[in-house]
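Just so you know, all these numbers are worked out from the coordinates, no wet-lab data involved. Just so it is clear, the model here is predicted, and its values are computed rather than measured. We place every Cβ from the backbone using ideal geometry, glycine too, and count neighbours over all the protein chains shown.
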Amino acid sequence: MSKKQIILGAQFPGVNNFTVWSDPAAGSQIAFSSFRHFAETVERGKFDFIFLAEGLRVREQKGRFHELDVVGRPNTLAILTALASITNHVGLIGTLTTTFNEPYPLARQLATLDILSGGRAGWNVVTSPGAFTGANFRRGDHLPFRERYERARDFLETARSIWQGGDFHVRSPYFDIAGRTGAGPLPQGAPIIAQAGDSDEGRELAASHADLIYSRHGTLEEGQAFYADVKQRLAKYGRSRDALKILPGANFVLGETLEDALEKQKAIRLQQVSPKNAIVFLEQVWNRDLTAYDPDGPLPEVDPDVAVEQLAQGRAARYDNRLETARAWRELAEREKLSIRELIIKVTGRKQFVGTPAQVAEEIDRYVQADAADGFVFAPHLTPGGFDEFVEKVIPILQERKVFRQDYAAPTLRGNLALPQAWQPVAKAV
Amino acid sequence: MTQKSTFLVGFGLHAGAHGDDPDWRGFWSGLIGRLDGAAEFLTLEDRFADPGRDGLDAILLANWLAPRSRDIGIIAGAPLNVLEPFHVSTAIATLDYVSGGRAGLLAQRLDQQRSLDAGRAIGALKGFPAVDPPSLDRDALAAAEVVRRLWDSWEDDAVIRDVVSQRYVDGEKLHYIDFQGADFRVLGPSITPRPPQGQPLVATSWTAEADLALARAADVVFVPAASDLAGIVAKLEGDGPGTGPKVIADLHVKPDVADVADLIAAAKTSETQGARGVRLILTDPHRQIAPVVDTLVPALRTAGLVAQPPGGDLRSRFGLPAARNRYAAAA
């Protein structure tokens, strides 16, 4: 039996503490030369796609702008269209919210990207927190939290009917629009749809509508469980198991030897979690001002404040139960004798492949062949050279193992991902 | 004081100009290759919701053209009434980064029919204006103000990368714009650092029916050459000579470009009436590009009217001063 082919996405280093700015090799986060270097490198490495995250409001902590991490990004669709102009094969997937966009303008922009890239456009469909991000938009906080997935689904189906070209007329719970578009049919039929939500609703939306899932399941076992769960949801929508690809986010650290790589990993984690950043992370759970605490000292004895509004704004809320999280962290810190900073380094780690290029290639392959993933979306810690070594050393090994392409086989992203043709037209909601 | 600058020549196209050509990419790629270096600027009008002819999104097309060109200024159109000013601001800022300071925004005022079409395409939404001219004009002014304030919402030296204090950015140099208009509010700051020009150029097309404040708020106004140019220039310079926006005269080029002598005469007349340059409106670029680039533009230069493109960022070519940041503390 032939082996599964690995899918690789390249995330441009994002607006968060994983992107290391204090390193001498860290370049501009905004200069076009950085994006050009990044895109040309991953296209040389035959990556399936470039992936951009989204943030529509500068993050805040305790009512002030968060100063410790990289911040500042271009407009997602604009930079992807510029990259379409200087590349020929690599896919271009942007994260774009359904909350602060409207179907006709966004569908038309994605159609423009698909046309100008010759069929390489992709859309990671997300929803946004209401009031905080809404303060930058005309409609403001217009959507009850519980309805965000319903609007997303409705939005996506509305976009599909626009992508069919010609007359569109949608009257649905969230939209009442009409017009006639001259764009279409699109090179890919429709852009690739990715979905990132991990909740039951998110998984269901992915199973019914998406081509890719960007997931967060780090270990082999978690990955396999998620993979099995999502793939079994496809049948009820009449979709084959191959119609949806599962791609966890991950990082890598390469070294001459395993020990060398582990040393580097340690140094990178220290750069990512600066002393002040450790306190900021702790404040997200404690929801109190902890600036008086020593990052190299023990965890606070005081309990989290569950009464007031959260101090951190513009981040995905990851800690639903503050008291429970605090209890678990204290236990871990006591058991392993960890300082605040050491604990944060431990608990905020993402899936990392660490080792020599051969070890990293083998491990990636193992995850994919064991159905913990169909591939990965890698986010390096440096802009713009974060993929240089990976492309030079890891990609050739994956190619030798015959689990990654020698060259692009298809002109479109859909073709390179080996996805079935664009979805069948759905019944228009009229 | 009037700043003397070169008489400019540019081209006016819309983002559906590929017409029936099935190879849209080939058309635009070929076109920008011909235009780059031949003129100072190109405007790309957006045909948002124009039934069946809505074509490409003009700002995205501009971002695709920018890396394929080296010199030409690219002024991308957007009907602000039906878009989010935040998205427009970051997209034009991105164009300025991608083009290395050659970006501009053409703030489009749709006529009544197009406004109705555009309104139907987005639906009736809170925070968007009613479709009557006074509401639309008031909203367009507000939206353009938001776009501009967002460009200034990061000071140029906001990114500090200070290892000692562990800070990447100086929060004191990011600013809420806190704009409150009649229909909507935008808090800011932008997510995109201040673009290379600080303030990419903002242009608009003259419409007699429009609120005069719209044209006065722009850096550049395109006025039909056949209209009362001198009168309009005077109206725009309400606060004295040199205070208004730069006026560029629109010259419509006939499909066969048989009117070179007439166009040169019209350009000369417009200069005497106060225009700072001409925009050649191309209605059929497939046929017109070659004669316009090979014959008309060289003839304008031979007539001593237009110099070779002087280079520099787009603002400086139009004789606009370096943009001061409204939020930066005075030094």
Using modelled amide H (1.01 Å from N, peptide plane; none on Pro or chain starts), what sits under 5 Å from the amide H of A:TRP123, excluding residues fewer than 5 places away? A:GLY94, A:ILE192, A:ILE193, A:ALA194
Using unit Cβ charges (K, R positive; D, E negative) and no other charged atoms, how large, in debye to the nearest 20, is the dipole of the stretch B:8-317 about its Cα centre? 380 debye
Roughly how compact is the stretch A:274-347, stated as its Cα Rg over 2.2 N^0.38 Å to two decimals? 1.00
Rounded to the nearest 10 degrees, what's the angle between the helix B:133-152 long axis and the longest principal axis of chain B, both from Cα atoms, 0 to 90? 70 degrees
Step through the residues of the stretch A:143-151 one at a time and calculate ³J(HN,Hα) from phi using the Karplus curve (6.51 cos²θ - 1.76 cosθ + 1.60, θ = phi - 60°), rounding each to whole Hz and writing x for Gly and Pro. 10, x, 3, 5, 9, 5, 6, 5, 5
Normalised by the residues of chain B, what does the relative contact order come to in percent, with Cα pairs under 8 Å and at least six apart? 20 percent
Taking N as the number of residues in the protein assembly as shown, what is its Cα Rg relative to 2.2 N^0.38 Å? 0.98
Could you tell me the ratio Rg/Rh of the stretch B:194-331? Both radii from Cα atoms, Rh via Kirkwood. 1.01
Based on DSSP H runs of at least 4 residues, each adding -39500 (n - 2.57), what is the mean residue ellipticity at 222 nm of chain A after dividing by all its residues, to the nearest 500 deg cm²/dmol? -11000 deg cm²/dmol
Distance violations [Cα-Cα > 31 Å] among A:LYS393/B:LYS173; A:LYS351/B:LYS173; A:LYS236/A:LYS402; A:LYS231/A:LYS266; A:LYS346/A:LYS393: A:LYS393/B:LYS173; A:LYS351/B:LYS173; A:LYS236/A:LYS402; A:LYS231/A:LYS266
Nothing charged except the Cβ atoms of Lys and Arg (+1) and of Asp and Glu (-1): what's the magnitude of the dipole of the stretch A:274-347 about its Cα centre? Round to the nearest 20 debye. 260 debye
Report, in whole Å, the centroid distance computed from the Cα atoms of the stretch B:40-113 and the stretch B:253-331. 19 Å
Interchain or long-range residues, amide H under 5 Å from A:PHE353's placed H: A:ASN251, A:PHE252, A:VAL253
Given the options A:PHE49, A:PHE226, A:PHE378, state which has the largest fluctuation in a GNM of chain A using a 10 Å cut-off (strictly under) for Cα springs. A:PHE226
Among B:SER270, B:GLN166, A:ASN251, which residue has its Cα positioned farthest towards the positive end of the charge dipole of the protein assembly as shown, with +1 placed on the Cβ of Lys and Arg, -1 on the Cβ of Asp and Glu, and the dipole taken about the Cα centre? A:ASN251
To the nearest 20 debye, chain A has a Cα-centred charge dipole, built from +1 on Lys and Arg Cβ and -1 on Asp and Glu Cβ, of 1120 debye
Mean projection of the alpha-carbon convex hull of the stretch A:1-138 over all orientations, in nm²? 10.9 nm²
Principal axis dimensions, the stretch B:8-317 - Cα atoms, whole angstrom, descending: 63, 49, 47
Reduced Cα scattering model of chain A, Debye log10 I(q)/I(0), q = 0.07 Å⁻¹: -0.35
